[in-house]
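The structure under discussion appears below in the form of structure tokens.
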Amino acid sequence: MSAPGKALLAALRTRCRPFARVHATQSDSRPWRSLLFDGERHLLDLAIDGPDVDRAVRSLREAAIRTDLDLSGHLLVELSVERVAPETNPVTLRLRALTLDAGGALNA
């Protein structure tokens, strides 16, 4: 897993920690570039279990709306959460995200 992917997973775990545990079951990160920025697109499959899974899922959905997770050295600019299998234990989710290098514009 790439450094931004690890930072994203750590931030997701921190956000859910009061309510449930988060485990990555699959991850993929691919380079992304625009005219001005470098970044990565991420796909994370997560398993969530613990005493209050529903609250943890709500917390992740709130994070997707606000994109306010702290990723050291990276900016989270896009996050979507899909509930893949809510009836399973643990609950499984799929997240898609876009992170940018916090260094700013590319040096071309």
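The values are calculated or read from the model by the stated rules, or taken from the named source; none is laboratory data. Remember, predicted model here, so these are calculated numbers, not experimental data. Cβ: placed from backbone, ideal geometry, glycine included. Neighbour counts: every protein chain shown.
Values computed for the structure shown
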| quantity | calculated |
| --- | --- |
| Any hit, region 53-63, residues being surrounded by 12 or more Cβ atoms within 10 Å (Cβ to Cβ), touching a residue at least 12 places away in the same chain (Cβ under 8 Å) and outside any helix (DSSP H, G or I) | no |
| Which numbered condition Ala24 fails, given (1) without any contact (Cβ under 8 Å) to a residue 24 or more places away in the chain; (2) in contact with a strand residue (DSSP E or B) (Cβ under 9 Å, 6 or more places away or on another chain); (3) over 15 Å from Ala10 (Cβ atoms) | (3) |
| Test result for Arg21, touching a Pro at 6+ places or on another chain (Cβ under 9 Å) and under 17 Å from Asn89 (Cα atoms) | yes |
| Qualifying residue in region 1-8 (condition: loosely packed, with under 14 Cβ neighbours inside 10 Å and hydroxyl-bearing (Ser, Thr, Tyr)) | no |
| Output for region 28-52, where each listed residue is in contact with a helix residue (DSSP H, G or I) (Cβ under 6 Å, 6 or more places away or on another chain) and either loosely packed, with under 13 Cβ neighbours inside 10 Å or closer than 19 Å to Thr67 by Cα (or both) | Ser29, Glu40, His42 |
| Breaking point among (1) buried (at least 17 other Cβ atoms within 10 Å of the Cβ); (2) assigned to a strand (DSSP E or B); (3) more than 14 Å from the chain's Cα centre (by Cα), for Phe19 | (2) |
| Residues that are assigned to a loop (DSSP other than H, G, I, E, B), farther than 19 Å from Thr99 by Cα and not charged (D, E, K, R), drawn from region 22-52 | Gly50, Pro51 |
| Any hit, region 12-27, residues being aromatic (Phe, Trp, Tyr) and more than 19 Å from Val84 (Cβ to Cβ) | no |
| Members of region 82-108 found to be hydrophobic (A, V, I, L, M, F, W, C) and modelled with pLDDT under 85, listed by number | Val84, Ala85, Ala102, Ala105, Leu106, Ala108 |
